[in-house]
Amino acid sequence: MRSRARRVGLALIAASVVFAGAVYGVTRPAAADVVADLSASALVADMGAGWNLGNQLEANNNGIPSETAWGNPVVTQTLINRVKASGFKTIRIPVSYLGHIGAGPDYTVNAAWLTRIAQVVDYAYSQGLYVLINMHGDGYKSVTGSWLICDASDQTTIRAKYQKVWQQVATKFAGYNDRLILESMNENFDGQYGAPTQPCYSNINTYNQTFVDTVRRTGGNNASRWLLVPGWNTNIDYTVGNYGLVIPTDQYRSSSIPAGEQRLMISVHYYDPWDFAGQEDGVITQWGPNATNPAKTSTWGQEDHLDAQLKKTHDTFVARGYPVFVGEYGSIDKTTYDAANNTYRADFARTLVATAKKYGAATAYWDNGWNGQHGFGLFDRSSATVTQQGIINAIIGAAGGGQSTPTPTTSATPTASPTPTGSPTPRPGTCRAVSTVSAWNTGLTNSITITNTGSSTVNGWALTFTLPAGQTIVSGWSAGYAPASGTVTATNVGYNGTLQPGGSTTIGYQANHTGNASAPTGFTLNGAACG
């Protein structure tokens, strides 16, 4: 979303890894050659449900970015642990630079600000989550100190500044693996909501091209990582239609990427219909086929519209190998006008995520940290607790992760859950475990997708497998792992313990190896062999 008036004013206007009984904390960024070869479809599937840490690192006070400037508390590891424990696998972190950029020609970014950005990134990255960071508020005319303005006169200076800032940011994160995705900008446009204008759209294309070339040339994993670029204002119609978007060339990418594959993603946002999603009044409070009052339901923007919009992104981009990321969607709290509003908010989120998944797009819910009237919040960031479990369940369920369950407020970190006594035990042939290994010199990552192919629900699971000789797990995500080598048991965490018939969940780990990077063997689920 845009500026404080649209972000805060919508309110004002506005599991960590359990390993052999111990909780693993921060993991150092992987070495520069650690990049898994994820195709477009594999990337979207692996990103799962996404969430925005909104109104934090893009917040500012008179043009100086500060994470508490718009009323949210300091971001903590405890909060991110709670987000992960709720079932989210991707966190988008909007970032502004503004007054933290020094004078030209070097345009040096304040070192302390870069360090704090990296700290917040590490809160999520160290937990095995995907992380996206961007350049957010620098392109809004309504923000004090904004400069990435597509219809400003001195585009030469803007491009030079933009290139220097991204060069510094990309260099800072060059050693992080493919779970870090960089996004060129946010909702860049000329400030009017009509059709795109020139030369503004051409300048947006130039920014995107400068971003891709600059990031790639910094080397390390930046030569191979996925990069995210938007069209006009992240508007779907103005991005897919014949309005002027030019997808950047990627001439400096690593030669290790297969020639027929892309490493660029397309960013769009979705808040249709706005009178339901964001308009701060009590007129339109219901959405979708379960709406009971036509007077409280918008005359447009229902399921058919949503499906048609996301199908456009599939046909224009996904079908050509460019994954789509719906980097923002959501709806504000109007329960003070209609007590049932949260039900329709959950329906909206569920339908968006499920439809995006159908059309090969990943998603991230917009959370601005504000709970209560007109807020988008799913979590209380001060106490790191869930405030909208129903909406979270809708999102996680639609993304394919099963329903999230509340975690105790006395523990900030999810812990492994033993298989409950009396839980259904899979019979041989009623489970499937598929490994996807990405290896480098002396290390590897393995994502394991577990599927319940039987007819009974599994309530709590323990997946046992044998690592090849010489492999040792050093970190993991979405399960507890013990011991580190030999025959290992991975035990579910709170949010993924229930597998409905046909349901699946994906877990993973990073391991060292001494030459044998093969997948594990001998999978059993709750003691029964997997097919």
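Points worth noting:
- Every test in (1) open to solvent by 10 Å² or more (accessible area, probe 1.4 Å); (2) under 21 Å from the mean Cα position of the chain (by Cα) is passed by VAL143 save one, and that test is (2).
- In the stretch 83-101, the count of residues that are out of contact with any Pro (no Cβ under 8 Å at 6 or more places or on another chain), within 14 Å of GLN127 (Cα to Cα), open to solvent by 40 Å² or more (accessible area, probe 1.4 Å) and at pLDDT 95 or above is one or more.
- GLN209 vs. criteria open to solvent by 10 Å² or more (accessible area, probe 1.4 Å), out of contact with any Phe, Trp or Tyr (no Cβ under 8 Å at 6 or more places or on another chain), not aliphatic (A, V, I, L, M) and not in a loop (DSSP other than H, G, I, E, B): yes
- Leading residue by the ranking (surrounded by the most Cβ atoms within 10 Å (Cβ to Cβ)) among those in the stretch 255-269 that are hydrophobic (A, V, I, L, M, F, W, C) and in a loop (DSSP other than H, G, I, E, B): ILE257
- Some residue of the stretch 104-112 being at pLDDT 95 or above, open to solvent by 30 Å² or more (accessible area, probe 1.4 Å) and in a helix (DSSP H, G or I): yes
This table checks each residue for (1) open to solvent by less than 30 Å² (accessible area, probe 1.4 Å); (2) among the hydroxyl-bearing types (Ser, Thr, Tyr); (3) assigned to a strand (DSSP E or B); (4) modelled with pLDDT of 95 or more.
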residue: TRP370; (1), (2), (3), (4): no, no, no, yes
residue: GLY375; (1), (2), (3), (4): yes, no, no, yes
residue: SER383; (1), (2), (3), (4): no, yes, no, yes
residue: ILE391; (1), (2), (3), (4): yes, no, no, yes
residue: ALA394; (1), (2), (3), (4): yes, no, no, yes
residue: GLY401; (1), (2), (3), (4): yes, no, no, no
residue: SER404; (1), (2), (3), (4): yes, yes, no, no
residue: THR407; (1), (2), (3), (4): no, yes, no, no
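- Scanning the stretch 218-247 for residues that are part of a loop (DSSP other than H, G, I, E, B), open to solvent by 10 Å² or more (accessible area, probe 1.4 Å) and of a type outside the set (Gly, Ala, Ser) turns up THR218, ASN235, ASN242, TYR243, LEU245, VAL246, ILE247.
- Any hit, the stretch 188-195, residues being of a type in the set (Phe, Trp, Tyr) and not in a helix (DSSP H, G or I): yes
- Contact map, the stretch 214-238: residues that are more than 25 Å from THR316 (Cβ to Cβ) paired with residues that are assigned to a loop (DSSP other than H, G, I, E, B) and among the β-branched types (Val, Ile, Thr), Cβ distance under 6 Å, separation 6+ or inter-chain. Pairs shown: ASN221/VAL35.
- Any hit, the stretch 194-206, residues being touching a helix residue (DSSP H, G or I) at 6+ places or on another chain (Cβ under 6 Å), surrounded by fewer than 19 Cβ atoms within 10 Å (Cβ to Cβ) and of a type outside the set (S, T, N, Q): no
- Wholly enclosed helices (runs of 4 or more DSSP H) of the stretch 270-359 bearing at least 1 residues closer than 20 Å to GLY50 by Cα and open to solvent by 20 Å² or more (accessible area, probe 1.4 Å): 303-316, 341-358
The values are calculated or read from the model by the stated rules, or taken from the named source; none is laboratory data. This structure is a prediction, so every number in the text was calculated from the model and none was measured. Positions of Cβ are generated from backbone atoms using ideal geometry, with glycine treated the same way; all protein chains shown enter the neighbour counts. SASA here: full protein model, heavy atoms, side chains in, ligands and nucleic acids out. Shrake-Rupley method; radii C 1.70, N 1.55, O 1.52, S 1.80 Å.
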